[in-house]
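**Q** To start, I am sharing the structure in question, which I have written as structure tokens.
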Amino acid sequence: MVLTHGAGGNANGRLLVDLANSFATTGVTVLRCDLPFRQARSTGPPSRSSAPIDRAGLAHAVTAMNALGVERVFLGGQSYGGRQASMLAAEEPKLVAGLLLLSYPLHPPGRVKDLRTAHFPVLRARVVFVQGTSDPFGSVEEIEAARRLIPGGTTLILTEGGHDLGYRKPNRELVERIVGACASWWAAV
């Protein structure tokens, strides 16, 4: 599993660390990585021009996992990182076996017509979505509609909270739900 962060974070975010530790206890090899935009500077959001470079960085991380002998790689990301992961999976359908999308940013807050789902119909990987029930980047109804665009199997885990998934302190129950959902679809791949 390759895990990456959102536009305002880095690979040391509490949720990513807790997920990585939990996945590792189940025998999953995990690589938490900073996207190239974050490697270039420690703060600030990515620029629009950095998106292709960030996807190339994710592809490089997957290749590095393959070089370690990992045959099936799953790609996960929070918000912007998940968006880039899903776009990469659409561009290179054989690259990853599945996606974990944490707080997928369906649209900018307040701009529900600016959907970021054009690539969903070409996704072939199985997808686990984890969405906050009050996320301004996508309501429960919007994420349900978006899931129907994906031809492969999808799973949705809802949690109380906004774009941060309500993860202000460790939440073992949420981490276990995410790891359990991923384990169930890994077995099916």
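Here, each number is a calculation from the coordinates, and none is a lab measurement. Everything numeric here is computed off the predicted structure, so don't read it as measured data. Cβ sites come from the backbone with ideal geometry, for glycine too, and all protein chains shown count toward neighbours.
**Q** Calculate log10 I(q)/I(0) of the chain for q = 0.08, 0.11, 0.12 Å⁻¹, where I(q) comes from the Debye formula with a single equal point scatterer on each Cα and nothing for solvent.
**A** Summing over Cα pairs of the chain leads to -0.21, -0.42, -0.50.
**Q** Under a point spin-label approximation (7 Å from Cα along Cα-to-Cβ), what is the His60-Ala187 distance to one decimal in nm?
**A** Taking the simple label geometry, His60 and Ala187 are separated by 3.7 nm.
**Q** Can you show me the helix-derived [θ] at 222 nm for the chain, built from DSSP H runs with n ≥ 4 at -39,500 (n - 2.57) apiece and divided by the number of residues, rounded to the nearest 500.
**A** Taken over the chain, the calculation gives -11500 deg cm²/dmol.
**Q** For a quick protection proxy, order the peptides 167-180, 7-20, 84-97 by their average other-Cβ count within 10 Å, most packed first.
**A** Packing proxy ranking, top to bottom: 84-97, 7-20, 167-180.
**Q** If you average the alpha carbon positions of the range 152-183 and of the range 1-58, how far apart do those two centres end up, in angstrom?
**A** Computed from Cα coordinates, the inter-centre distance equals 17 Å.
**Q** Just need the relative contact order of the range 109-180 here, percent rounded to a whole number, with Cα pairs under 8 Å and 6+ apart.
**A** 35 percent
**Q** Once the piece of chain linking Val17 and Glu173 is laid out straight, how much longer is it, given 0.36 nm per residue of separation minus the C-alpha distance between them?
**A** Computed gain between Val17 and Glu173 is 54.7 nm.
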